[in-house]
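Everything on this sheet refers to the single structure shown next.
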Amino acid sequence: MLAEQILQRLDCAAIIIAEPLHPFPSFLLRRAAPDTGCIVPRDSESRSSLHDIPLIRKTQDQSLLLDVICETLSKRKGCIVEGLGIISQGTLTVEQAYIAWSSLLHATTVKYFEDLLTVGTLLPEESEALAHYKNNYLKPLTFNKQAFCSTTPSTYQDVIEEMSLTGQSTIELGLVDSFFGNISCFANNMLYISQTSARLDQLCTQIDTVPFDGSSTAGMTASSELPAHRAIILATNCKAILHGHPRFPVIMSFFANSDTVKAFDLLGSLPVVSGEGGVGGLAESLPKAFSFSDAKAVIVQGHGVFVISHTGFGEALSMLAEVELLCRDLYFERLYKRHQI
C-alpha cells in the first residue's frame, strides 16, 4: 500500500521497501542523535552514487510520513525509514531500484561496522545481533577451483569464458557491491577488460578488447579503471586483474597504519593506498604499491581491493576471498580487544 502511494506521488518506475536480513541500517538510525537527518558514509562508492543517506523516523501521522518519504525520494535514491527498513526508487527501471537498494545496504553495513569499531555498542541488542551475524552468516568463502584454467587463457573464447566465470563467482561469493566491479586479462598483447558499468554476471557480452599499446580507440567503452589496469600490468607483468568491493577490507581500510615511510599505508601486511576510481590517481598509486610491496593484493581506502595473478583467475579470485577473510579476522580481533564485546 505504501509503495503504491509513493509510486503514484513520484511517477517513477519502481519502489522497493524491504527490511534487510541484518538490522544494521536500523541500528545506524537508532544510534544517531534524534536531530540527525542523514548519515554520510566515507566509502567512495557511496559518496559518488548516494552522497548521503537520509534517516526518517516513524510518526503517528501516516500521511505526514508519506509526505516526508516522497520529498526525500525526490532528491535521493533511497533512505532508511524507522520500522520499515530501506526504501529505494528507480526512476526508469526496476533494476535501478534494486541497484540503489543494494548500494544502500552496502553503504550502511560498512558505516555501521566502522562506527562500531570506533565507539563500541550503544544499543542493548547489538551484541546479540553481532554474534549471530558473525557465527551464522559469515561463512567460509569456498568455490570450485578446478573449474578455472591452471594457466592464463590465450584464445579469445577461452578468455571470455574464464572472465565470465570469474565475474559470476565473485558475485556468488559476495565480494562486490550489487554486481559491479572490474576485471581484465592480458593475452597476445591485448588487454581484455570489462566495460564501464558492466555487470560481472553478464560479462560474455560486456568485455572490450583493447590493444595494449593504445593504438586504437577500442577502449572508449572500457572500464574507467582501464588506466590503472594498464599501469599495473606494466609494473608487475601480471596476466589477470580482479577488482571487487568486499566489505571488511573496505571497513578496515579506514583503520590502516599510516606510520610508514613507504608509498602506502599498511593493514597488517596488506598495502593500503588512497585515491578515487577512474581518473582519481589509482593508475599511479596502485602500481607503486604492487611493485614496492611485492604483494598480490592492494586495498584502496574506502573503495575496494585490486588483486593480480601471473597464472590465472582462479588464483586472483582466491586472493580476493583471502583478503576478505583476513580483514574479517582482523576486524573482530580489534573489536573484541578494544570494546570487549
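Rounded to the nearest 500, what is the chain's calculated 222 nm mean residue ellipticity when only DSSP H runs of at least 4 contribute -39500 (n - 2.57) each, over all residues?
-13000 deg cm²/dmol
Could you estimate the translational diffusion coefficient of the chain from the Stokes-Einstein equation, with Rh from the Kirkwood formula over C-alpha pairs, at 10 °C and 1.306 mPa s, in whole µm²/s?
75 µm²/s
For the Cα atoms of the chain, what angle does the longest principal axis make with the long axis of helix 226-236, in degrees from 0 to 90, nearest 10?
50 degrees
Any chance you could give the angle, 0 to 90 degrees and rounded to 10, that helix 94-119 forms with the longest Cα principal axis of the chain?
Approximately 80 degrees, to the nearest ten.
Can you give me the accessible area per residue for the chain, using a 1.4 Å probe, in Å²?
Ligands and nucleic acids excluded, the figure is 45 Å² per residue.
Can you put LYS145, LYS134, LYS77 in order of accessible area, largest first, using a 1.4 Å probe?
The ordering from most to least exposed comes out as LYS145, LYS77, LYS134.
Helix 62-73 versus the longest principal axis of the chain: what is the Cα-based angle in degrees, 0 to 90, to the nearest 10?
Orientation of helix 62-73: about 30 degrees from the principal axis.
Rounded, prolate or oblate: which fits segment 1-102, taking a ≥ b ≥ c as square roots of the Cα gyration tensor eigenvalues, rounded meaning a/c under 1.5, else prolate when a/b beats b/c?
Because a/c hits 1.5 or more and a/b fails to exceed b/c, segment 1-102 counts as oblate.
On a full-extension model of 0.36 nm per residue, what is the gain between THR121 and CYS70, subtracting their alpha-carbon distance, rounded to one decimal in nm?
Here the answer is 15.2 nm.
Suppose R0 equals 30 Å; then what is the FRET efficiency for VAL40 and TYR137 from their Cβ-Cβ distance, rounded to the nearest 0.05?
Rounded to the nearest 0.05, the efficiency is 0.70.
Quick one: if the Förster radius is 45 Å, what FRET efficiency do THR91 and CYS149 give, using the C-beta to C-beta distance and rounding to 0.05?
0.65
Is the shape of segment 69-193 rounded, prolate or oblate, going by the alpha carbon gyration tensor and its root eigenvalues a ≥ b ≥ c, with a/c under 1.5 for rounded and a/b larger than b/c for prolate?
Because a/c hits 1.5 or more and a/b fails to exceed b/c, segment 69-193 counts as oblate.
Determine which residues of segment 15-46 fall in the zone a paramagnetic label at GLU128 would reach in this model, i.e. backbone nitrogen under 16 Å from the point 7 Å along Cα→Cβ.
Only 22-24, 27 fall inside the zone, counting backbone N under 16 Å.
What is the percent carbon and sulfur in the accessible area of the chain, measuring with a 1.4 Å probe over the protein chains and ignoring ligands?
Carbon-and-sulfur percentage of accessible area, whole number: 51.
In whole angstrom, how far apart do the alpha carbon centroids of segment 1-63 and segment 132-193 sit?
Segment 1-63 and segment 132-193 have Cα centres spaced 32 Å from each other.
The values are calculated or read from the model by the stated rules, or taken from the named source; none is laboratory data. Everything quoted here is computed from the prediction, not taken from an experiment. Cβ atoms come from the backbone with ideal geometry, glycine included; neighbour counts cover every protein chain shown. Areas reflect the complete protein model, heavy atoms only, side chains present, ligands, DNA and RNA absent. Shrake-Rupley method; radii C 1.70, N 1.55, O 1.52, S 1.80 Å.
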